[in-house]
Every structure is written in structure tokens, then in C-alpha cells.
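One structure below.
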């Protein structure tokens, strides 16, 4: 059975599709629908739902009709200066107009609206059973209301003069038409129906509670107790008898008249014998008054609130947005980063020379790999351009083909039009957490490979390390002097970072921890000298992590305290990434942006948003919906395979959909045992198949395409290592074939694995 949360999202999508304007649709715990005209947001209540009910679809279609065609002062909740009675007239006529238009726009909406009104009439939402009055003793506006909604279900009679008013209502196309007809009809009713006022006798107000209970009854009970209901055993004879007893308005002036007739007949056929409800024929309960009003509309508005689920048990979606961040408060510029590193290593004797030697050796060992990546990229890019090329004919004769004019019309010159290649860009985010220490060196080397590749093919790039440890200069490097290290202020969204406000948060914006920093390691904005220095510095930093944990066979110079490894603020980084990528696209004019996340674990859990009270609240991932007010895209939890998406996956999916980027992930893990399979299950959001685990053990990587990433590369960190040893040097004269074969295998195995992975990566980014 469909869960109510799934139904709510399904109906939100239905309303959005019907609106066709790409309005935002939000379900709230509210008694009736509302529409934000300025921001184009339709707010729908969460309805009480029964399987098979068409009421929800009726409600969606009706309110979408209002959202599309009704101005603010035409909504049911708006106040009219002409009084409550006039407003009820306006409601009835506007309802008739927008329901006619929504049926015309979406022919499939007819059936659900018909069946929906049948359900509501079974529950006496128009109050006819309460008023104990014959339908034809109602005032004209009430009969028009029932006729336009219920059609021929009721044997509604109109005089010749009244038929003219019915036709005027049916001909309304614009809001101005509605106001004009309302004004005229209201005045006519005041003159001709002032004696009755359409106010009917006393009825028990407590009956509302009984009706609400009745709404919760089973369908079987409904059929047994309700005097009106869809007939299960309708016969043709009954339908024919019904048709004989119906009195309809005269022919209508437009095509909608036929449509309305068809709707009416369908409703009639769904009721027992097509007979009218046995209301009382008396008029003894009429009251005197001067102001006409639509009692059926008033009754419906009162009962309408019963449709909404206002109970504490209802699950309310959280509609949240990514904040627009101030990048200066979060991003540490590459000049600041490398100035600090330069000052540190210039003060450590021999470190600069050692770093230069490391970089020289790195370039020698990786030049062939980088050249291979460049070649593959250019080949795949050229192949894509060729695939999209098309040949067209010019109006000039090809004299080499003119001899064939008698049997071929292909005698004109041809030209091949090659589409322009799109501008690429790459933004990378690397995890700077403590768990990365054992393979940070290998990861850094692969990262430098990617940036050198970008340099070669002239792709703009940015590389950020995300951390919650970096402290600003104005704190003197003293952890205790930095306000963001106070646990009391951790959840104070309004606190500044680096002396600057992180974001001008709006209601329902996700908030970002003040700990977060994005250190700019490399950038295409850097010149060649700056990049060379940056590569050297980061290689020296990577050696630090190896030596921290006992690998003393390498040179050790340490690193500034700001570059110590920390937690994993991945979620906060994704929230900031939206603004960073948008600014990157604007500056570089990149049309295709490849965004890469390199991480080895789960994110820190600091997920809060700014609520209506101006304070922060925790995110409920089971009800988390990420909206974008610009593209009006929405991402919500996926419950496939019985597993709920975590917040990281939802954030990634929202980032991808809102920006239209290629989203690639590198998930790093060590070993190939049972624990690794568990790690794979976490990141894949499913447990890997036996053949997938086997492939991973053999090739040391696995490509997963069923996550929030376009492609996720799950990598055994041993597969990241660049083998600097030439094993053929150990082969001596007189070595056996087996020895030579083993040496060759050792030389090529690591390179082959890297090549396979890079092939997949380049194919995706090209």
C-alpha cells in the first residue's frame, strides 16, 4: 500500500504538472489551500486519504485552477468589502469558471472531479440533508452551484429567466467576466429573492462531529448508511427513467456546454438509479432577510476543513533550501594557503630542496600517464563532435558530379557543419579528515595528476580541501582565541566566520557550521610559478601524514598546525558547493562542469535549518525536501530497496539537479575483506553483489551508477599508489622466462589499473 508521505509527494507533483507554469507546490498542516501570488507557491493541506479516493485529485485540480487563473482577491480566503453574501456568489461563479477551464486543459481531470464530488456529496458537504430542503426550493445561486459541480445528479429546475443566468455563468472566461456576472446576479437575487434570504432552519451544530466520524468509516459502512451513493447495480432502465425526469438549461452557446452535459450524465450514472436525493419538500424553515447568500457554498467551506488532516500524527514535509553563502567567509584563498606554507617550509632547512626533488620525480613518473589522459580526452571529445556533425547541401553545382544529372540529384556541393565544442570546467573537493591519513599521500598524487591534466587541455579548475580545523590569522593560531571553537556558539547560525557573515539566511535555509573552511589548494587562476610552488608544498604536507604514523623512511618536515587533519564536514561542503560552482561557472563561462568529491567516510552530522521563529531546528531526513526557488526543482527521500536516503545523498542529488553538473565521487577504502564490503554497502546504498565484490578485489576499483553521483568510483587505496619502482631493473642476464614475466606483470599491473580507472573517468568528463 502507498504510504501517506509518498501520496503527498505524488499529489505535489500532480499539482505542479497540471499548473504547467513550474510553480512551487508545498503541503502544509493547514485547514485550506492558499496561494502566494508573488512567489508563485501553492500551499495545499495534507488531506485525509482513503485508498481509491478521487477527492485528493479533485482538490489538486481545483486549487491548481485557482492558482492559474484566480487573482488574490478571488480566493475563498480573501475578504470582500461587499459582504459575506456577495463573496459566496463570487466563490460559486469563480469555481464554475476555473473548473471548466481545468477540465478543458486536462481532459483526464474530468473523471476524478466527477467522482470526487460524488464522494463529497455522500458526506453531505453541501449541507442539503442538514437543511432538509428540496433542491428546487433553494435560491438561484445555490442551484447554480450544485448544477456546475454536480450537474444532473440533482433534478434541478430553472425558469426561462434563470436559464439565462446559468448560461452567463457558463460563458465566463476571465476574472473580469466573473465579477461582471456576480455583480449583476447578486443585484437580481436581492430584488427577486429577498423574501427568503436562502437561510434555512435550525440544525444541530454538533452534527459536524458525527460527519467527521463518518468520514473515517469504512467504505462498506458508508454504503450502508448514506442515503446517497454511487450505485453498484445501476440498470439501463433506471438510467433511462432518470433521464426522463431531468430538467436541463437550454442549449449553451459554446463547446463547454456539451462538455458539462457529458460530465453531468456521468455523475448521474454513478448514483443509484439516477434518482434525486429525497430531501424534504417543505419551505417552512426559510427565514426573512435582505442579503442573498449561497448556503451550499457556506456549508462546503465549513466542511472543507474536515478534509485536512490536522492531527499530531500527520507527517509534515520540510521544504528547505540551500543558502547563498558569502564565499569570503568560508573559502581560504590560495594565496593565503601557500603564503603560510611557504613561510613554514622556508624556515625548515632543506625542505624546499627536498620538495623540489619530490616534484621533479613525480613529473617524471607521471608524464606518460598525464599524456595518456590528454590523448583520451581529445579523442573522445573529437568523436563527440563528429557524432554531432551534419552534412548540408549548398546551392552550388559540383562540376565533378554534373555528368550524373540524369540519374542522380546529388549534384550539388556539400559542406559538413561541425558543432562548436562546449567549454569544460572542473571543481574538486578533497576530504581533509583524520581517517584519510594513511592514504592522503596517494590521494594527493592522483589529485595533482588531475590538475596537471586540466592544465594540459586548458580546462579551468579549482581544488578545495574541506576541513573544520583551519583557524584564521587574527586568532594568532591559538585555538582558544577563536570564537568558532566554542561549543556554545556551534549552532548559532548568525555568528560570523573569519569576521564575516557566512550567509544572509532566509527562512527554511539550511545553516552551515562556523567550523567549516574550504582551503584552496590549486586553481587555474594561479600562474605556472604559483602552481609549481603549490604542488611542491602539498607534496611536502602529504609526506607529513605518512610520517605521523610511523613511516620514517621518508623525509619529515611537518606542516603548519592549520593543515592538521580534522573531522568530515561533507554535508556543509555540499551546501556551500552550490554557490561556489555557480560563481565558478560565471567567471569561467564553463558550459559543462565536472564536480568531484574525494572522501573516505560519512559526514559530520550538523544539519539544521532556519525556522519561522528565527531559530534553528534539526533536519528530519525522512521528510526532507530540498527546493530551488530558481529552477523550482525538488529532491526528496528515495525509499527504494527499503532504505531511506541519508542527508548526504539528498544534498548531492539536489546539487546535481539544481546546477545541471556532472557529479563524480571517489570513495576511498582500504583492504578487500568483509569490512570493505560493509563500507561499499554504505556508499552504494545497497549491499554489493558477490560478483561486484569479486571484481573489486581483482581490479581494486568498482564503478557504481545507482547513487546520487553520476558515477561513483569505489577505490581500494592500494590501487591509488603510483609504483615508482622499475621492476625490470631486477632482471639480470640469464633470467628465466618466468622471472621476466613476473617483472613485466609487476610493472604493468598498477599502471593498468590506473589506466582502466582513468579511462572511465575521462570518458565521463569528455
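Only the coordinates and a few stated rules stand behind these numbers; no lab work does. None of the values given here were measured: they were computed from a predicted structure. Ideal geometry is used to build each Cβ from the backbone, glycine not excepted, and the neighbour counts take in all protein chains shown.
Tabulated results
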item	result
Burial order of peptide ranges 31-39, 557-565 (average beta-carbon count within 10 Å, highest first)	557-565, 31-39
Under the Debye formula (equal points on every Cα, no solvent term), log10 I(q)/I(0) of segment 44-178 at q = 0.09, 0.10, 0.12, 0.18 Å⁻¹	-0.27, -0.34, -0.50, -1.17
Residue 187-residue 583 FRET efficiency (beta carbon distance; Förster radius 56 Å; 0.05 resolution)	0.40
Net lengthening on full extension, residue 382/residue 313 (0.36 nm per residue, minus Cα-Cα)	19.0 nm
Projected label distance in nm at residue 689 and residue 605, using a 7 Å step from Cα toward the beta-carbon	3.3 nm
Segment residue 706-residue 617, extension gain: residue separation times 0.36 nm, minus the distance between their alpha carbons	28.9 nm
Contour minus Cα-Cα distance for residue 697 and residue 763 (0.36 nm per residue)	21.4 nm
Efficiency of FRET from Cβ geometry, residue 180 and residue 101, R₀ 22 Å, rounded to 0.05	0.80
Pair residue 528, residue 682: separation of 7 Å Cα→Cβ label points (nm)	4.4 nm
